[in-house]
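Notes for the one structure printed next.
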């Protein structure tokens, strides 16, 4: 994905560089490198450094910390899509003998397993993985902090166990599975378990003085699936493009959409931050963004994707802490690009050879006295919208092999929609998960649960 200077307007490029430069200066970071992806390829890169006339290139490795979890999650979802496991399976079904056995795969992916946030013993991020040689060393005698499935509680050991699950089902070390299934197909040639030159050094910056302290570059062993990886701005730009669109060689766009749905969220419309299946979620007036932040001693990173804008942003820095969080800077790069150069809507185009039976279903429908409209979209998709607020939340229904439809989003996500026909073959009503939709308010009477007053409307 080459960076072409004419991909973004000069004012946009200057605003992006100014934001990165401000982050490096005010964040007191030895160096920082960033990239923006649009429509599947890199459209901007930038870098700043404490060394005059020198800045890291997009191919310099940094440690990416918990962005590693997005890779681990994709490996697990690949196993699910192949039928090797179900997200509802308890871990012990596939990886017996751990203290987290009753937790389900989905709970581990979404940090709702209730497991401890960190390993027992010395701080795993700064100590050699040889100190934790077995899975039993990843969790203490009392591994749970909350009942499973009841609360979001971030767990690094939980993702280490997911990496061990991948190893068990694939019969290969996690790093080898990662290389064969993700790194090679997507061309992430500079993403590795251990650093490969050229790579940045990791530093702690003194909180009250402008001095540095080198941080150790440890191999975390069994904890690697939670935060071990090293990568570059160029490789993570490719990864962001994959997270936006999918790649059928690796994971479909439909499964990626599943990963970015909140796991056990509050009621729709009330949340601004959450977690899906291995992906952190953030929502505001600009829409939904997803990705991950990453921290390891000496390094911080951020990666966010906006699927609607088909935008991604990556920021890598080599300081343990500071007032400028690379994840927040990456979010700002998304916002700057979208505000300076908003994505124009796709042109409207008519359907090609629409299904006449589905076309006949379109128009007004009524649930009791509440009015809806049914629309036919591309791919034989039906969309049900409230008539009073046609731009408001509705549900899209994807066709299934049995002639019915299944809700994709909104209140009716996962619910079945069936076309019920009369004896003569005409459409009698629609059954939406036991809700009856008719062509007239409360009619025909024989379709309405509980019947209709025989005197009718009066």
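The values are calculated or read from the model by the stated rules, or taken from the named source; none is laboratory data. All figures in this text were calculated on a predicted structure; none of them were measured in a lab. Cβ: placed from backbone, ideal geometry, glycine included. Neighbour counts: every protein chain shown.
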Could you please let me know if residue 355 is in contact (Cβ under 8 Å) with a residue 12 or more places away in the chain, closer than 30 Å to residue 16 by Cβ and touching a helix residue (DSSP H, G or I) at 6+ places or on another chain (Cβ under 9 Å)?
no
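Residues that are within 23 Å of residue 254 (Cα to Cα): find the strands (runs of 3 or more DSSP E) completely inside the stretch 350-446 holding 2 or more of those. Before the answer, list the steps.
Numbers: elements: 363-367, 370-377, 381-386, 395-399, 405-407, 416-421, 427-432, 435-437.
Output list reads 370-377, 381-386, 395-399, 405-407, 416-421.
Okay, residues lined up against (1) surrounded by fewer than 24 Cβ atoms within 10 Å (Cβ to Cβ); (2) over 30 Å from residue 131 (Cα atoms):
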{"position": "228", "(1), (2)": "no, no"}
{"position": "232", "(1), (2)": "no, no"}
{"position": "237", "(1), (2)": "no, yes"}
{"position": "240", "(1), (2)": "no, yes"}
{"position": "245", "(1), (2)": "yes, yes"}
{"position": "288", "(1), (2)": "yes, yes"}
{"position": "302", "(1), (2)": "no, no"}
{"position": "312", "(1), (2)": "no, yes"}
List pairs: first in the stretch 442-458 and exposed (fewer than 13 other Cβ atoms within 10 Å of the Cβ), second outside any loop (DSSP other than H, G, I, E, B) and at pLDDT below 90, Cβ under 8 Å, 6+ apart or cross-chain?
451/445; 454/445
Test set (1) more than 30 Å from residue 297 (Cα to Cα); (2) in contact with a strand residue (DSSP E or B) (Cβ under 8 Å, 6 or more places away or on another chain); (3) assigned to a helix (DSSP H, G or I) - residue 329 fails condition number
(1)
Considering only the stretch 13-42, state which residues are crowded, with 19+ Cβ neighbours inside 10 Å and more than 27 Å from residue 319 (Cα to Cα).
38
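Applying the selection to the stretch 153-168, what residues are within 18 Å of residue 88 (Cα to Cα) and either free of Cβ contacts under 8 Å to residues at least 12 places away in the same chain or buried (at least 17 other Cβ atoms within 10 Å of the Cβ) (or both)? Before the answer, list the steps.
So in the stretch 153-168, the residues within 18 Å of residue 88 (Cα to Cα) come out as 158-159, 161-166, 168.
Within the stretch 153-168, 158, 159, 161, 162, 163, 164, 165, 166 qualify.
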Given the structure, is residue 230 under 25 Å from residue 160 (Cα atoms) and out of contact with any strand residue (DSSP E or B) (no Cβ under 6 Å at 6 or more places or on another chain)?
no
Kindly indicate the residue of the stretch 175-201 that is in a helix (DSSP H, G or I) and free of Cβ contacts under 8 Å to residues at least 60 places away in the same chain and also surrounded by the most Cβ atoms within 10 Å (Cβ to Cβ) among those meeting that condition.
183
Residue 85 versus (1) farther than 30 Å from residue 19 by Cα; (2) in contact (Cβ under 8 Å) with a residue 12 or more places away in the chain; (3) surrounded by fewer than 23 Cβ atoms within 10 Å (Cβ to Cβ); (4) in contact with a strand residue (DSSP E or B) (Cβ under 7 Å, 6 or more places away or on another chain): which is the lone unmet condition?
(4)
If residue 204 satisfies all but one of (1) crowded, with 20+ Cβ neighbours inside 10 Å; (2) more than 16 Å from the chain's Cα centre (by Cα); (3) in a strand (DSSP E or B), what's the number of the condition it fails?
(1)
For the stretch 377-399, the count of residues that are touching a strand residue (DSSP E or B) at 6+ places or on another chain (Cβ under 7 Å) and farther than 30 Å from residue 457 by Cβ equals 6
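Here are 307, 319, 293: which of them is assigned by TED's automatic domain parsing to the domain that holds residue 17, within 22 Å of residue 245 (Cα to Cα) and buried (at least 19 other Cβ atoms within 10 Å of the Cβ)? Can you show your working first?
Numbers: 307 fails: buried (at least 19 other Cβ atoms within 10 Å of the Cβ); 319 fails: within 22 Å of residue 245 (Cα to Cα).
Within the list 307, 319, 293, the selection yields 293.
Given the options 328, 370, name the one that is free of Cβ contacts under 8 Å to residues at least 40 places away in the same chain, surrounded by fewer than 18 Cβ atoms within 10 Å (Cβ to Cβ) and under 21 Å from residue 48 (Cβ atoms). Please lay out each step first, then the result.
Details: 370 fails: under 21 Å from residue 48 (Cβ atoms).
Going through 328, 370 in turn, the sole match is 328.
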Looking at 376, 333 in this structure, which one is under 24 Å from residue 241 (Cα atoms) and surrounded by 14 or more Cβ atoms within 10 Å (Cβ to Cβ)?
333
Would you mind telling me which numbered condition in (1) over 30 Å from residue 162 (Cβ atoms); (2) surrounded by fewer than 18 Cβ atoms within 10 Å (Cβ to Cβ); (3) more than 19 Å from the chain's Cα centre (by Cα) residue 8 fails?
(2)
Out of 298, 302, 294, 312, which single residue is farther than 16 Å from residue 262 by Cβ, modelled with pLDDT of 90 or more and out of contact with any helix residue (DSSP H, G or I) (no Cβ under 9 Å at 6 or more places or on another chain)?
298
If you scan the stretch 44-90, which residues turn out to be modelled with pLDDT under 95 and at positive phi?
53
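Return the residues of the stretch 337-349 that are within 25 Å of the chain's Cα centre (by Cα) and either part of a helix (DSSP H, G or I) or more than 29 Å from residue 42 (Cβ to Cβ) (or both); say none if nothing qualifies. Step through it out loud before you land on a result.
Of the residues in the stretch 337-349, the ones within 25 Å of the chain's Cα centre (by Cα) are 337-346.
Those that are within 25 Å of the chain's Cα centre (by Cα) and either part of a helix (DSSP H, G or I) or more than 29 Å from residue 42 (Cβ to Cβ) (or both): 337, 338, 339, 340.
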